Amino acid sequence: MKHPELRVSAGRLARNIAAVRARVAPSELMLVVKDDAYGHGATWASQVAQEAGVAWIGTYDVPTAVHLRAELDDGMRLFAWATSADDEIAAALKNDVDLGVGTAAYLDRVIAAATRLGARARVHLKIDTGLHRNGIAPGDWSQTVSHALQAQARGALSLVGVWSHLAEASDEEDDAAYGLFISAVEIARAHGAQIEHTHLTASAATWERAELRGSLVRVGAFCYGVRSADGPELDGIAPISTLMASVGEVTDSTVSISVGSLDGLPSTLSGRVEVGTPGGARLLTGIGLTSSRVDAWPDARIGDEVFVFGSGTHGERSATSLAETIDSVGEEILTRITSYVARTYTD
Ligand SMILES: *Cc1c(COP(=O)(O)O)cnc(C)c1O
């Protein structure tokens, strides 16, 4: 049987990026490529974004940003927000990577590394607006900003941004978070900071809540065509990838296809979703380790292509629609697809 393959479309990614940018202007898009661009390939996605004129890439971790620095134009801004080890901070400074800084201790380590290297760190300071995962507590904000600005005066950093992350659980919570965010920006400006960039929204809030957008929006999911679970379809946005398998065996009532749980397909999808076949949508009736069963269609043949998830052209569902049947999210369906499944890139 042919191995399964994740077929990924550059044109579709570019069109989704264009739809997001049109919707958020004058805010600028930062394409988030964490988790290898949700399994699609961070380098590939960043290059497509660069081609489209996107000026910011968000990676989560420093090593990915450093890797991308070598693959992208010098002017591309790379933002890494994971609290990182000292050697990673040094690599970020050498490679002109902007750092998201969410604790006073991490700020001290960034300042120490910059001082040691004679470099100037580009810092985006994170205010905790309620998620309590990472971020300077509002009570410590003023002091931390003034500490950062002292380091800026010594040439060790530039405080270029203020950012946060929203829970996106309810509008009320996000409104309260936004209030905290705006006062943090005001406090920083009152200290004399020249804040170039503010950013706090990811896909859902970016799309739905124009009033919460900063100068930048950090969007991953919607650019890859992954809508929110139980959320609406989105104008101009469609999945960029299709998981393909091929038919290995045919009986009267069932065909077997070349993808299974070892490839990352959750076995709990068994009996719950249809896949796209040359005969249209057919129920996925069983998921084994390396193959799965699908209800047969007339004239099914060995070698036929089956669309496990994708944009619906053959009756298959989207990754998010699969996820909804098992109380998950589309991102998880995509990131579970193992690296043994080849990514093939089309226009
Ligand atoms: C994942 C992430 C994003 C992007 O979220 P999407 O829902 O994929 O758009 C933005 N900011 C941070 C801090 C994140 O971790």
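Rounded to the nearest 500, what is the 222 nm mean residue ellipticity of the chain from helices alone, with -39500 (n - 2.57) per DSSP H run of 4+ residues and division by all residues? List each step's numbers first, then the result.
Working: 11 runs with 120 residues, N = 347.
Computed mean residue ellipticity for the chain: -10500 deg cm²/dmol.
Per residue, how much accessible area does the chain show when a 1.4 Å probe rolls over the protein heavy atoms, in square angstrom? Numbers along the way, then the final one.
Details: 14540 Å² over 347 residues.
Counting only protein heavy atoms, the per-residue value for the chain is 42 Å².
Which residue, GLU28, GLU331, GLU173, has the most motion in a Gaussian network model of the chain that connects Cα atoms within less than 10 Å?
Comparing GLU28, GLU331, GLU173 in the GNM, the peak value goes to GLU173.
Hey, what angle do you get for helix 42-51 against the long axis of the chain, alpha-carbon based, 0 to 90 degrees rounded to 10?
Value to nearest ten degrees: 70.
Share of the chain's accessible area from carbon and sulfur, percent, 1.4 Å? It would help to have the intermediate numbers written out before the result.
Values: 7030 of 14540 Å².
Ligands and nucleic acids excluded, carbon and sulfur give 48 percent.
If you line up the long axis of helix 10-24 against the longest principal axis of the chain, both from Cα atoms, how many degrees apart are they, to the nearest 10?
For 10-24 against the chain, the angle is about 50 degrees.
I want to check the label-to-label distance for ALA137 and ARG189. Put each point 7 Å from Cα in the C-beta direction and report it in nm to one decimal.
If labels sit at ALA137 and ARG189, their model points lie 2.7 nm apart.
Determine the relative contact order of the stretch 189-275: mean sequence separation of Cα pairs under 8 Å and six or more apart, normalised by residue count, in whole percent. If you can, show how the numbers build up before the last one.
Numbers: 76 pairs, mean separation 12.9, N = 87.
Relative contact order here is 15 percent.
Looking at the chain as a GNM with Cα springs under 10 Å, which of LEU125, LEU180, LEU78 has the largest mean-square fluctuation?
Most flexible of the set in this elastic network: LEU180.
Provide the net charge surrounding ASP347, with neighbours chosen by a C-beta distance below 15 Å and charges set as Lys +1, Arg +1, Asp -1, Glu -1.
Details: positive: ARG7, ARG12, ARG15, ARG343; negative: GLU51.
Charge balance near ASP347 sits at +3.
Calculate, in nm to one decimal, what ASN95 and ARG343 gain on full extension: separation in residues at 0.36 nm each, minus their alpha carbon distance.
On the way: separation 248, 0.36 × 248 = 89.28 nm, distance 2.79 nm.
Separation in residues times 0.36 nm, less the Cα-Cα distance, equals 86.5 nm.
Taking amide H atoms as placed 1.01 Å from N in the peptide plane, list the residues 5 or more away in sequence, or in a different chain, whose amide H sits under 5 Å from that of GLY214.
Residues meeting the amide H criterion: LEU200, THR201.
Using Cα atoms only, what is the angle between the long axis of helix 171-190 and the major principal axis of the chain, expressed in degrees (0 to 90) to the nearest 10?
Between the helix axis and the principal axis of the chain, the angle is about 30 degrees.
What net charge do the residues around ALA238 carry, taking every other residue with its C-beta under 12 Å from that of ALA238, with Lys and Arg at +1 and Asp and Glu at -1? Could you put the intermediate results ahead of the total?
Details: positive: ARG12, ARG15, ARG227; negative: GLU233, ASP235.
Surrounding charge for ALA238 is +1.
If r is the Cβ-Cβ distance from LEU283 to ASP175 and R0 is 51 Å, what FRET efficiency results, to the nearest 0.05? Don't skip to the end; give the middle numbers.
On the way: r = 43 Å, r/R0 = 0.85.
E between LEU283 and ASP175, to the nearest 0.05, is 0.75.
Return the long-range amide H neighbours of ARG209 (sequence gap of 5 or more, or a different chain), with a cut-off of under 5 Å between placed amide H atoms.
none
Taking a spot 7 Å from the Cα of SER146 along the direction of its beta carbon, which residues of the stretch 162-187 have an amide N less than 20 Å from it?
162, 183-187
Using a cut-off of under 17 Å, list every residue of the stretch 162-187 whose amide N is near the label point 7 Å from the Cα of ARG209 along the Cα-to-beta-carbon line.
Hits in the stretch 162-187 for ARG209 at 17 Å: 163-185.
The values are calculated or read from the model by the stated rules, or taken from the named source; none is laboratory data. The structure presented is a predicted model; accordingly, all values stated were derived computationally and were not measured. All Cβ positions, glycine included, derive from the backbone under ideal geometry; neighbour counts span all protein chains shown. Keep in mind that these areas ignore ligands, DNA and RNA; they rest on the heavy atoms of the full protein, side chains included. Shrake-Rupley method; radii C 1.70, N 1.55, O 1.52, S 1.80 Å.
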